[in-house]
Amino acid sequence: MFESAELGHKIDKATYREEVPALRAALLETQELLRGNGSFPVIILISGVDGSGKGDTINALYEWMDPRYLSTHAFYAPTAEEKARPSMWRYWRALPRKGRVGIFSGSWYSHPIAERIAKEISSADFDQKMDQLNRFEAMLVNEGALVLKFWIHLAKDAQQERLKSIEANPLTKWRVTKASWDRLKTYDKLQEVAGHLLRTTSTPGAPWIIVEGTDDRYRSLTVGKTILEAMQKRLADKSEPSSPVASPLSPRIDSLDILSALDLSQSLPKDVYSTELARWQGRLAELMRHPKFAKRALILAFEGSDAAGKGGAIRRVMSAMDARQYRIIPVAAPTQEDLAHPYLWRFWRHMPRLGRVTIFDRTWYGRVLVERVEGFCSEADWSRAYAEINDFEHDINHAGGIVIKFWLQISDEEQLKRFEGRAEIEHKRFKITEEDWRNREKAGPYHEAVCDMIDRTSSGTAPWTVVEANDKYFARVKIIRTICQRLETELQVEPLKESKVSKSSKAKEALEAKEAKEANDEQGSEKADPSE
């Protein structure tokens with residue numbers, strides 16, 4: 001793996017001085033073309049052994065390129081703020097926008113390498129992490145990013161000499177610490193771990209480039225020329241970007257699906273609703289104050305038909321929480337800043353820290369719903385989004401987040417009734433738009449998209465709860481009860497016992513449903529009678 005980076009590559013001073021001006025001019029010109037093109041970001045990872053010249057390489061890039069459009073991020077041990085969120089949160093926030101170059105000194109690979117060397121994680125866990133990072137980088141590439149990964153290598157003897165040389169210079173002595181010498185002692189283990197990492201994460205879309213770091217001039221020129229050629233090649237490529245498409249969705253050969261099977265007639269009398277709502281709101285308030293919740297985060301995702309009652313349900317959930325504990329994120333059409341980053345970037349930014357709650361009114365599922373149906377993205381984009389969303393929610397769960405997702409469903413008739421009601425009520429007119437009326441014409445495609453979404457993204461750690469929302473009272477109680485019951489399971493606390501009024505209400509609902517079914521069956525048999 002490292003043989004070619006231990007051959008003693010060198011560039012003499014005269015050659016270096018001759019080549020740098022042309023390289024610098026070409027980099028500046030290409031960087032300006034990138035800014036003008038604005039169709040993709042450049043993400044550069046600079047990793048390698050201590051003393052290999054990673055910092056000097058970055059300094060050279062800043063000297064050769066326009067620093068106003070470069071950003072460098074150095075990642076050390078996670079801060080308290082970063083530890084309180086999913087591990088990838090800090091990297092997502094640092095991603096450069098389209099047209100810019102982002103340099104990562106250390107990266108999402110640094111922490112797993114350190115953990116593996118210290119034997120804090122098993123080889124199986126390390127491989128699982130590498131697989132996760134491969135999918136993350138594949139997402140970046142599919143979103144259009146140019147990802148360049150450099151591993152600056154030194155042989156063991158060369159690293160020891162380099163550290164001595166740096167330490168002997170009063171101007172650079174500060175760069176060598178006790179930790180640097182301690183890591184030299186684990187050199188062999190680092191090469192073993194790094195070699196495995198480079199093999200398993202060097203992919204066609206984001207390959208590793210191994211550069212010998214013994215000679216400063218060779219190292220800097222190699223990295224600079226590689227970046228230049230990659231950017232020039234990408235800017236010259238006028239073909240449409242291709243990305244893998246997910247396996248085809250299963251055809252539906254009958255009319256039965258997750259939405260059509262719902263019993264939308266379910267309802268609650270107002271007195272039962274008032275009692276049950278207060279009861280579950282009280283329980284939710286208790287769970288939010290439970291000591292175990294301080295080590296968890298809650299993410300509530302609300303999607304649903306237009307006018308299905310998402311806003312009303314969210315307000316009832318809010319009423320049970322301390323306003324200092326939660327944030328509500330209303331999701332609308334993406335801004336220009338959002339569009340300049342990978343699709344999930346704007347949602348990663350709002351992930352709550354441990355002990356907090358974020359409520360999303362509309363969510364990251366817009367890609368497989370609105371964008372799919374309205375044609376705002378390609379089929380390749382929304383097809384691969386299912387897997388990317390599942391990875392996103394898995395990362396949240398792995399970090400202690402509890403993801404609870406609701407789809408609120410109402411019938412076409414109930415939706416029309418609510419639309420007309422909103423148009424007549426002064427303080428509700430803002431809720432109804434021309435787009436809402438137009439969406440009714442695409443009820444079929446939206447219905448199909450919702451069913452596909454639920455089938456492909458309802459996982460064990462982040463299942464969908466489909467809410468029968470024709471009756472707002474029933475929907476609100478079901479939502480708050482679901483949140484409480486999920487929190488009880490996740491926090492491992494004694495569940496709230498079901499009230500007598502709830503039991504009697506459910507018995508009444510079951511009886512009414514049975515009578516309605518019998519009546520429907522009787523009507524169906526009458527219609528099928530050939531004597532009629």
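The values are calculated or read from the model by the stated rules, or taken from the named source; none is laboratory data. Just so it is clear, the structure is predicted and the values come from calculations on it, not from any experiment. Cβ sites come from the backbone with ideal geometry, for glycine too, and all protein chains shown count toward neighbours. Note: accessible area is taken over every heavy atom of the protein model, side chains too, but ligands, DNA and RNA are not part of it. Shrake-Rupley method; radii C 1.70, N 1.55, O 1.52, S 1.80 Å.
Of the residues making up region 1-15, just one is hydroxyl-bearing (Ser, Thr, Tyr) and within 43 Å of the chain's Cα centre (by Cα), namely SER4. If you go through region 447-464 and pick out every residue that is buried (at least 18 other Cβ atoms within 10 Å of the Cβ) and of a type in the set (S, T, N, Q), you end up with 1.
So, in region 214-236, of the ones that are of a type in the set (Gly, Ala, Ser) and under 14 Å from ALA60 (Cα atoms), which residue ends up surrounded by the most Cβ atoms within 10 Å (Cβ to Cβ)? Per the criteria, the residue is SER220. Number of residues in region 385-413 that are touching a strand residue (DSSP E or B) at 6+ places or on another chain (Cβ under 7 Å), in a helix (DSSP H, G or I) and of a type outside the set (A, V, I, L, M, F, W, C) equals 2. Tally the residues that are open to solvent by less than 40 Å² (accessible area, probe 1.4 Å), hydrophobic (A, V, I, L, M, F, W, C) and touching a strand residue (DSSP E or B) at 6+ places or on another chain (Cβ under 8 Å), restricting the search to region 104-153. Count: 9.
Reported count of residues in region 309-346, each being of a type in the set (A, V, I, L, M), under 24 Å from the mean Cα position of the chain (by Cα) and either exposed (fewer than 13 other Cβ atoms within 10 Å of the Cβ) or not in a helix (DSSP H, G or I) (or both), is 7.
Of the residues making up region 3-35, those that are under 30 Å from GLN336 (Cα atoms) and touching a residue at least 12 places away in the same chain (Cβ under 8 Å) are ALA26, LEU27, LEU28, THR30, GLN31, GLU32, LEU33, LEU34, ARG35. Considering each residue of region 65-82 in turn, none proves to be among the aromatic types (Phe, Trp, Tyr), buried (at least 17 other Cβ atoms within 10 Å of the Cβ), in contact (Cβ under 8 Å) with a residue 40 or more places away in the chain and out of contact with any Pro (no Cβ under 6 Å at 6 or more places or on another chain). Restricting region 352-383 to residues that are within 27 Å of LYS292 (Cβ to Cβ) and among the basic types (Lys, Arg), the residue that is nearest to the chain's Cα centre (by Cα) is ARG353.
From the residues in region 154-177 that are in contact (Cβ under 8 Å) with a residue 60 or more places away in the chain and of a type in the set (Lys, Arg), which one is least open to solvent (accessible area, probe 1.4 Å)? Among those that are in contact (Cβ under 8 Å) with a residue 60 or more places away in the chain and of a type in the set (Lys, Arg), it is ARG162. Being within 22 Å of ILE258 (Cβ to Cβ) and part of a helix (DSSP H, G or I) is a property that TRP382 has.
The residues of region 286-304 that are open to solvent by 20 Å² or more (accessible area, probe 1.4 Å) and either among the hydrophobic types (A, V, I, L, M, F, W, C) or assigned to a loop (DSSP other than H, G, I, E, B) (or both), listed by number, are ARG289, HIS290, ALA294, ARG296.
Summed over region 2-21, residues that are in a helix (DSSP H, G or I) and either open to solvent by 70 Å² or more (accessible area, probe 1.4 Å) or over 16 Å from THR226 (Cα atoms) (or both) total 9.
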